[in-house]
1. Please give the charge dipole size of segment 76-558, origin at the Cα centre, charges +1 on K and R Cβ atoms and -1 on D and E Cβ atoms. Round to the nearest 20 debye.
2. Between SER365 and SER554, how high is the FRET efficiency from 1/(1 + (r/R0)^6) when r is the Cβ-Cβ distance and R₀ = 45 Å? Nearest 0.05.
3. If I stretch the segment between THR473 and ILE321 completely, what's the gain in nm (0.36 nm per residue apart, minus their alpha carbon distance), one decimal?
4. For segment 133-228, what does the accessible surface come to per residue with a 1.4 Å probe? Please give it in Å².
5. Show me 163-170, 415-422 ranked by packing, highest mean number of other Cβ atoms within 10 Å first.
6. Under a 1.4 Å probe, what is the accessible area of segment 258-364 per residue, stated in Å²?
7. Per residue and in cubic angstrom, what volume does the convex hull of the Cα atoms of segment 76-558 have?
8. Please work out the FRET efficiency for the pair ILE493 and GLN38, using the Cβ-Cβ distance as r and a Förster radius of 51 Å; give the result to the nearest 0.05.
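The values are calculated or read from the model by the stated rules, or taken from the named source; none is laboratory data. Predicted model, so just to flag it, every value in this text is computed and none were measured. Glycine gets a Cβ as well: all are built from the backbone with ideal geometry, and neighbour counts include every protein chain shown. These accessible areas exclude ligands, DNA and RNA; they are computed on the full protein's heavy atoms, side chains included. Shrake-Rupley method; radii C 1.70, N 1.55, O 1.52, S 1.80 Å.
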Amino acid sequence: MTEDQFAKADNGSDYSYGSDNQRGTQADAYQKPGMLRQFADSFKPYEFSPEEKAEIEAASRSTGRKFDEEAVKIRLAKSPLSRSLKGRHLQMIAIGGAIGTGLFVGSGKALNDGGPASLLIAFTLIGIMLYCTVHALGELAVLFPVSGAFAVYSTRFIDPAWGFAMGWNYAMQWFVGFPLELVAAAITIQYWTTSISPAVFVAIFWVCIVFINFFGVRGYGEAEFVFSLIKVIAVVGFVILGIVLVCGGGPVGGYIGGTYWHNPGAFNHGFKGLCRVFVTAAFSFAGTELVGLAAAETANPRKTLPKAAKQVFWRITLFYIVGLTIVGLLVPYNDPRLLGDSSVDAKASPFVIAVVNAQINALPSIINAVILVAVLSVGNSCIFGFSRTLCALSQQNMAPKIFSYIDRKGRPLVSIITILAFGLLGFIAASSAQGEVFTWLLALTGLSCIFTWGSICLSHILFRIAWKKQGHTLEEIPFTSQAGVLGSYVGFIFNILVLVVTFWVSVWPIGASPNAKSFFSSYLGAPLVITLFLCYKIWFRTKFVTPSTADITSGRRELDLDALNEELRIEREELAKKNFLIRTYRFWC
């Protein structure tokens, strides 16, 4: 922006919010003499131009109990979230953004439940499902990079009531997860010292995450870039080390090979063990969809989101499949250390156990340090996921209006403060009641990611039907899912299967008789989602969206379709001229 454009933005005239070139953050438009004053002013509400104000006010007028779809479209389109995430941020979020306790710690319990073969089979199947889901999300997010992402897609293509249920379901997943991650970080520190109260480390980590989020979405992006890079290097290093150890190159133990696949065996607890691992694997991938949520805050989603979506293939293949194959070769499923003291006990990590067994000095501490980074990364993602989802719900009149407050830095400030305040619950880490409290908090959101992924796949299926029914072709879509609409059917069916097997292992848990506590601690999320859906539908009398009337126009950042189609045609022709290796690389990356 030129100085004249800044001046126009400052006095509220002739400011085109929809333009990526002019948009930026409003902090750029409010130049103050001192840094302290600039910092203070950044928390003031974003100021729209008079024209935008009039349009938003008209859309915000009460329309009674009926769901006002047109008003929602305008508020989401005018959301002043910052658009400062870059391609490298999205790619690292896609590669390592959700690698946390699910992979490093939760895989230990999964190995104990089902054995190394079940671990490999279950994570591969869930990986296929996530590959299809993320590509479906990528297609929708590139075409409609709107605030709220998948919850909004449910509203637009399925039913506003289902969008309400999915929005609150997803927000609660991160809301509950934040204090849990703070506790997990404090427990991880206990690997080195137990003389200091865990509450001290909860406070330290809480302050660190507050500091990161003062820098808005750019702070989140930079932090995730660094965190993910550390996790990527660690997993690659572990895979290389694991291959050496399996082949007998370690200081002790000699050749291992497939010993543990024969004794104690490849499977444990039979088919039910496989189903239990299937459920654990699904929850271990939670956070993969954050790439789609970040679309509304990306400078050029058409260029950066496809690459980020394709990176999921590498994450699934290298970090989960290859990494867990190595784990299954190095650690027997009957190792008692795999059970741990809790679901966030880093000492139960099969990655840590593997290097401890190899008697390589210092490496266990390094692995634990990586686990600590992973935990903080997920905690940081909790702030992003909750605040953006709650802000979008507020913009749709599905949450109190105060949560739609966005400051001049593009931060959904009230939503961020809300989850940071709830994070103080992490101080329960110093209490003996922490296990019971978090068991029931997690029960409320235990199935959140499954409902979210299933809704993404269903939204993509219904979008494709609406797109064709309203006379459009696939050539008009900037990025199409590599798995296609068939992949979305596969993803949707897989998510239904996860719900079914979760019900089974919740009613009849491994090694125990049926009991109410086991069932509700695993399946309480399902009746909660259904209740949210039915209450909203009955109160607002919403209707299921039909393909012929579905909105496939609003929220699209590229408005000049002819220019967009020409640009896509040129890109495809240029790629066709490249050699086979480059075309293969572009297909996967």
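1. Computed about the Cα centre, the dipole is about 1120 debye.
2. Efficiency for this residue pair is about 0.30.
3. Additional length available on full extension: 51.1 nm.
4. Counting only protein heavy atoms, the per-residue value for segment 133-228 is 26 Å².
5. 163-170, 415-422
6. I get 35 Å² per residue for segment 258-364.
7. Roughly 132 Å³ of hull volume per residue.
8. Once the sixth-power term is evaluated, E becomes 0.45.
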